[in-house]
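Everything on this sheet refers to the single structure shown next.
The values are calculated or read from the model by the stated rules, or taken from the named source; none is laboratory data. Owing to the predicted nature of the structure, the values given are computational and were not obtained by experimental measurement. Heads up, the Cβs are rebuilt from the backbone with ideal geometry, glycines too, and the neighbour counts pull from every protein chain shown.
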Amino acid sequence: MSTSVLIELLAASVRIATPLLLVALGGVLSENAGTFAVGLEGMMLMGAFGGAVSTFVLKNVVAGLVASVICGAAIAAVVAVATAKFRADQMVTGLAVNILAFGLTSFLLRGLFGGRAPVIALPTLGPLAVPYLSRVPIAGQVLFQQPALTYAAFLLTIPIHFFLFKTRAGLTLRAVGENPVAAFSVGTNPVSVRMAATIAGGGLAGVGGAVLSLQEIGTFTDGMTNGRGFIALAAIIVGRWMPFRVMLGCLLFGAASAIALNIQDWGLPVSSYIIQMTPYLIALAVLCGVGRATRMPAAIGKPFTRS
Amino acid sequence: MFASKPKGAEPVTAFDKAAPSAEYPWSLLSGPKVWRTVLAPALAVALAFAVTALPIAISGKNPVLAYWALLRGAVGSIDAIAFALNKSTPYVLAGVGVAMCFRSKVINIGSEGQIAVGGVAASWIALSFSYLPSPILIVTALLAAGVAGAVWAGIAAVIRLKRGVHEVLGTLMLNFVGTLFVSEVLHGPMGEIGAGFPQSPLFSQAAWLPSLFPGANLHMGIAVAVVAVFVCHLLLWHTPFGFRLRVLGSSRNAAAYAGVSFARAVLEVMLIAGALAGTAGGIEVLGVHYRLIQGFSQGFGFNAVAIALLAGLNPIAVLPAGLFFGFLEAGALSMQREMGVPSSLVFVIQGLTMVFVLCSMGIGLKQQRV
């Protein structure tokens, strides 16, 4: 493998990891507050839809991004109300909103634009070279010749880490995920915190979807997220619920996708489907305790009720 | 001790009151029975239809006419009914397995992967041993499908018991591995050369599931599903095994106190559910497609969970719930043809029904402590 191919592969990994990272960061917020983020796929799909449709209709990418946040958060709000208020099972509610988002986006796409499979074509957001840094050999080509939203996503990891681990609000959020009764006893309302965290996470996942539809693909098609929400979920597990490690997990899975895409060109002796299995197998291995022990937020999945 | 005493509902409740389980939000043993079994699911379905009227109206169609077309499409002709029954078959089979798991609070959401590997196993038998006489070939293929599904579910059960990986995450991840495995074999050893779509060659006719009635396009699968439903009903309510599952489901503490082995019950119920889902996958390839097709199991796993919950985790009730989903999907296709209302509407209805069912189950939890 020559250097140029390797650089291309690494750059593609970073690009492919971008939507995963935004979605996974959304999931980190939700899961640290104690709500399993199985609905990420649906939030991402809804965000991809909102982003693509709004950008297409309003001819404005910023409006598209705002719409993607709203759409992702709307699906998350369904999860938040059902799980925090009505104590519905989080896993299954997540599955339910995934199917809901799939149906709603596919239905509205046809309902709004007519026809059996309407096409809304959009110009994708091109790469934006960072002055000076992009000329650094190798690292410059891999990291600093990326589209704008890629920089935004990776930079966002820093404030989210800071928020979760260095602020009072972040501590409260994690406390609710660890022990909602204790948090309640010191005056926090775990139901509100969980709802806020889930909805904020949904907004982020929505932007992740918009990155996919606006920056990578340039249109919206039925079920276009194609399991990426679940790969993000696997990245959260691999990253042990911590933003920077989750970022590394996303890069790893981005690389797996990049390899799977190019496998035929390079004539590697494995099939692309085996490579596509790796994120799930790695997540399972991590869960099984390969490497260090995994510790999920203690109260994840358990509804809060006042005793 | 209790394990050997079938049909003992009172001890369960007694233990339940003494040591309420707070682990999972399934409280099927509380609340008035009519509300739980009939009114709540019916209300959830009605609400889902009502809310779904909104996107229909947004798309500029009349919701009442759309629903009328859906109803006519679902039950309007013999062909439509046969189509819907065929569609319901895998849902009922996988759904009844999921219901058994959820009863014992084993949250198996892995039907999709189990159906996928079941389909691969049945296809492998159908393609490799096509010289066998038809009944033997079909039974062997379905058995292989069941075994494959059970193995797939068994993996999740074993890593749950040995490594403490929650079965929700295990089965979820194995779903993706299972569906990708279908793609893998279709691009490798089992693929049809020169086909435009990833699929296996057509099975020989000996492997096709026979029709239930001559002339009707209805395969035997639905009969298998009905038998499975009744067997599971008997297992759950009239055997020591079912009693163990119910004790485990009502309170893990009570189960431990009564000497019910958690590990053994989890393994058994997962193997049963996996075998049922695997068989569903086998029936789908032998009865509907007559070949293995990439993505044939798409969405089945979700539907199985949805149906089990809609049925209140009651094996007998899985039958109407599964038929409801099958008829809904069949009706939606015809609604799309007649009214131009996209059939993806059905996913909106299914998703909303689920959310409402889950909320109604959660409301029943008010009494429970954290």
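Of the helices (runs of 4 or more DSSP H) lying entirely inside region B:251-340, the ones with 2 or more residues being under 18 Å from B:Thr353 (Cβ atoms) and touching a residue at least 60 places away in the same chain (Cβ under 8 Å) are found at B:300-310, B:315-339. Condition test on A:Pro297, is it free of Cβ contacts under 8 Å to residues at least 40 places away in the same chain and either aromatic (Phe, Trp, Tyr) or more than 9 Å from chain B (Cβ to nearest Cβ) (or both)? Considered against the rule, which asks whether it is free of Cβ contacts under 8 Å to residues at least 40 places away in the same chain and either aromatic (Phe, Trp, Tyr) or more than 9 Å from chain B (Cβ to nearest Cβ) (or both), A:Pro297 comes out as no. Step by step: first the residues of region B:54-70, then only those that are aliphatic (A, V, I, L, M) and without any contact (Cβ under 8 Å) to a residue 40 or more places away in the chain, then the one that is nearest to B:Glu338 (Cα to Cα). Which residue is that? Checked region B:54-70; the qualifying residue nearest to B:Glu338 (Cα to Cα) is B:Val64.
Of the listed requirements (1) outside any loop (DSSP other than H, G, I, E, B); (2) out of contact with any Asp or Glu (no Cβ under 7 Å at 6 or more places or on another chain); (3) within 12 Å of another protein chain (Cβ to nearest Cβ); (4) of a type outside the set (A, V, I, L, M), A:Phe36 misses just one: (1).
Restricting the first member to region A:224-237 and to residues that are more than 8 Å from every other protein chain (Cβ to nearest Cβ) and in contact (Cβ under 8 Å) with a residue 60 or more places away in the chain, and the second to residues that are of a type in the set (D, E, K, R) and assigned to a helix (DSSP H, G or I), the beta-carbon pairs closer than 7 Å and six or more apart or on different chains are A:Thr225/A:Glu41; A:Gly229/A:Glu41; A:Ile236/A:Glu31. Here the helices (runs of 4 or more DSSP H) wholly within region B:36-114 that include at least 3 residues being more than 23 Å from the chain's Cα centre (by Cα) are B:40-58, B:63-75. The lone criterion from (1) under 30 Å from B:Lys162 (Cβ atoms); (2) assigned to a loop (DSSP other than H, G, I, E, B) left unmet by A:Ala256 is number (2).
Residues in region A:96-111 that are within 18 Å of the chain's Cα centre (by Cα), more than 7 Å from chain B (Cβ to nearest Cβ) and not polar (S, T, N, Q): A:Ala101 alone. When region A:164-195 is filtered for residues that are part of a helix (DSSP H, G or I), surrounded by fewer than 16 Cβ atoms within 10 Å (Cβ to Cβ) and aliphatic (A, V, I, L, M), the ones remaining, listed by number, are A:Ala169, A:Leu171, A:Val181, A:Ala182. Looking across A:Ile120, A:Ile160, A:Ile199, one residue alone is touching a Phe, Trp or Tyr at 6+ places or on another chain (Cβ under 6 Å), buried (at least 17 other Cβ atoms within 10 Å of the Cβ) and either away from chain B (no Cβ under 14 Å) or in a helix (DSSP H, G or I) (or both). It is A:Ile120.
Scanning region B:237-292 for residues that are small (Gly, Ala, Ser) and over 18 Å from the mean Cα position of the chain (by Cα) turns up B:Gly242, B:Gly249, B:Ser250, B:Ser251, B:Ala254, B:Ala255, B:Ala256, B:Ala258, B:Gly259, B:Ser261, B:Ala263, B:Ala265. Of the set (1) crowded, with 24+ Cβ neighbours inside 10 Å; (2) more than 26 Å from A:Gln276 (Cα to Cα), all apply to B:Leu212 but (1).
Every residue, every condition in (1) surrounded by fewer than 21 Cβ atoms within 10 Å (Cβ to Cβ); (2) more than 7 Å from every other protein chain (Cβ to nearest Cβ), yes or no:
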site	(1), (2)
B:Phe300	no, yes
B:Ala308	no, yes
B:Leu313	no, yes
B:Ala317	no, yes
B:Pro320	yes, yes
B:Met335	no, yes
B:Glu338	yes, yes
B:Ser344	no, no
B:Thr353	no, yes
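The number of residues in region B:215-228 being surrounded by fewer than 22 Cβ atoms within 10 Å (Cβ to Cβ), touching a residue at least 60 places away in the same chain (Cβ under 8 Å) and in a helix (DSSP H, G or I) comes to 2. On the basis of being modelled with pLDDT under 95 and buried (at least 23 other Cβ atoms within 10 Å of the Cβ), does A:Gly47 make the cut? For A:Gly47, the condition - modelled with pLDDT under 95 and buried (at least 23 other Cβ atoms within 10 Å of the Cβ) - is not met. Only a single criterion out of (1) within 11 Å of another protein chain (Cβ to nearest Cβ); (2) closer than 22 Å to A:Arg174 by Cβ is not satisfied by A:Leu25, namely (1). Pairs are defined by a Cβ separation below 9 Å, a sequence spacing of at least 6 or placement on different chains, a first member in region A:160-173 that is under 14 Å from A:Val186 (Cβ atoms), and a second member that is among the hydroxyl-bearing types (Ser, Thr, Tyr) and assigned to a helix (DSSP H, G or I); no pair meets this definition. Please work out if A:Gly206 is more than 13 Å from chain B (Cβ to nearest Cβ), buried (at least 22 other Cβ atoms within 10 Å of the Cβ) and either farther than 27 Å from A:Gly72 by Cβ or in contact with a Ser or Thr (Cβ under 6 Å, 6 or more places away or on another chain) (or both). Considered against the rule, which asks whether it is more than 13 Å from chain B (Cβ to nearest Cβ), buried (at least 22 other Cβ atoms within 10 Å of the Cβ) and either farther than 27 Å from A:Gly72 by Cβ or in contact with a Ser or Thr (Cβ under 6 Å, 6 or more places away or on another chain) (or both), A:Gly206 comes out as yes. The number of residues in region A:69-100 that are in a helix (DSSP H, G or I), in contact (Cβ under 8 Å) with a residue 60 or more places away in the chain and not aliphatic (A, V, I, L, M) comes to 6. The requirement of being aliphatic (A, V, I, L, M), under 12 Å from A:Gly201 (Cα atoms) and touching a residue at least 40 places away in the same chain (Cβ under 8 Å) is fulfilled somewhere in region A:41-49, by at least one residue. Of everything in region A:72-104 that is among the small types (Gly, Ala, Ser) and at pLDDT below 95, the residue that is surrounded by the most Cβ atoms within 10 Å (Cβ to Cβ) is A:Ala96.
Residues that are at negative phi, of a type in the set (Phe, Trp, Tyr) and either crowded, with 21+ Cβ neighbours inside 10 Å or at pLDDT 85 or above (or both) within region A:226-283 comprise A:Phe230, A:Phe244, A:Phe253, A:Tyr273, A:Tyr280, listed in sequence order. When the criteria are applied in full, B:Ser111 meets the requirement of being within 18 Å of B:Thr279 (Cβ to Cβ) and in contact (Cβ under 8 Å) with a residue 40 or more places away in the chain. A:Gly115 meets all of the listed conditions (1) out of contact with any Leu (no Cβ under 8 Å at 6 or more places or on another chain); (2) at pLDDT 90 or above but one, namely (2).
Residues in region A:209-225 that are part of a loop (DSSP other than H, G, I, E, B) and surrounded by fewer than 24 Cβ atoms within 10 Å (Cβ to Cβ): A:Gly218, A:Thr219, A:Thr221, A:Asp222, A:Gly223, A:Met224. Within this structure, B:Phe325 fails the test of being in contact with a Pro (Cβ under 8 Å, 6 or more places away or on another chain), within 27 Å of A:Ala88 (Cβ to Cβ) and within 14 Å of chain A (Cβ to nearest Cβ).
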